[in-house]
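Here the structure is laid out as structure tokens; the discussion comes afterwards.
The values are calculated or read from the model by the stated rules, or taken from the named source; none is laboratory data. It should be emphasised that the depicted structure is a prediction, and the values quoted were computed from it without experimental measurement. Using ideal geometry, Cβ is built from the backbone for each residue, glycine included, and neighbour counts are taken over all protein chains shown.
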């Protein structure tokens, strides 16, 4: 896998913590040159310094909700090393609240960040990939992009939308040798629960039992790099536990999962 990413230019969004931070370390150790983006410049600099090859890492502050600014940030990213080989879509937010109690503003906020920003950034980078007839979009979705359980309507809707969009894109650009890998992580041990938005947009601010028992972020990053190196269309990331089983059941016996879903309240 070392050779697969040696001297590749990898742009990672949401790189200041969690899966994005772990991916930065993993790609750097594999010989890649990195462009790290998120809203938090100081945290990005911390991650940069902790990478295996910090001199081969550039930091570009990026607010994914600033849709109008994504084209300019893309030009900055291209200027960093002269090209982009892999774009890792990783920024986003999760949500916990009942449909009946969740404001339309929260529904829109989650969709803007978790779906429309991915679309806009993809459209900004796509001409570069098309001009080179090469490139790889790596999309961090979720198991919730395949199933639906209580308290996650906005998050699941955005993740489901990602699968539809990127499956269509994959079909459109395959002849140009542009790859699309959609990742469906289960529970990964990060601080994501602290920042989950609730019914009125305020953060949940507490940990989740399921997340705390999830796969370590560095191990998730290793699984992701293997999936990307193999050029997989889609890959589950996580432990071989209930989340993986839910995907299998959803594929082969969706009615059973629908009947079980009311009991699957987040912990």
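Observations
- Here residue 164 clears all of (1) modelled with pLDDT of 95 or more; (2) touching a strand residue (DSSP E or B) at 6+ places or on another chain (Cβ under 8 Å); (3) closer than 22 Å to residue 93 by Cβ; (4) surrounded by fewer than 14 Cβ atoms within 10 Å (Cβ to Cβ) except the condition numbered (2).
- Tally, over the stretch 127-161, of residues that are under 21 Å from residue 184 (Cβ atoms) and in a strand (DSSP E or B): 6
- Yes/no for residue 239 being at pLDDT 85 or above, assigned to a loop (DSSP other than H, G, I, E, B) and touching a helix residue (DSSP H, G or I) at 6+ places or on another chain (Cβ under 7 Å): no
- Residue count for the stretch 164-189, restricted to those that are touching a residue at least 60 places away in the same chain (Cβ under 8 Å) and in a helix (DSSP H, G or I): 1
- Of all residues making up the stretch 242-267, the number that are buried (at least 16 other Cβ atoms within 10 Å of the Cβ), out of contact with any strand residue (DSSP E or B) (no Cβ under 9 Å at 6 or more places or on another chain) and in a helix (DSSP H, G or I): 4
- Test: residue in the stretch 37-51 that is assigned to a strand (DSSP E or B), within 18 Å of the chain's Cα centre (by Cα), under 14 Å from residue 15 (Cα atoms) and modelled with pLDDT of 95 or more: yes
- Pairs, first free of Cβ contacts under 8 Å to residues at least 24 places away in the same chain in the stretch 16-38, second surrounded by fewer than 24 Cβ atoms within 10 Å (Cβ to Cβ) and not in a helix (DSSP H, G or I), C-beta under 7 Å, six or more apart: 29/52
- Answer residue from the stretch 74-105, given it is assigned to a helix (DSSP H, G or I), touching a strand residue (DSSP E or B) at 6+ places or on another chain (Cβ under 6 Å) and touching a residue at least 24 places away in the same chain (Cβ under 8 Å) and is surrounded by the most Cβ atoms within 10 Å (Cβ to Cβ) among those: 77
- When restricted to residues that are farther than 30 Å from residue 132 by Cβ, surrounded by 13 or more Cβ atoms within 10 Å (Cβ to Cβ) and touching a helix residue (DSSP H, G or I) at 6+ places or on another chain (Cβ under 8 Å), the stretch 176-197 contains 8.
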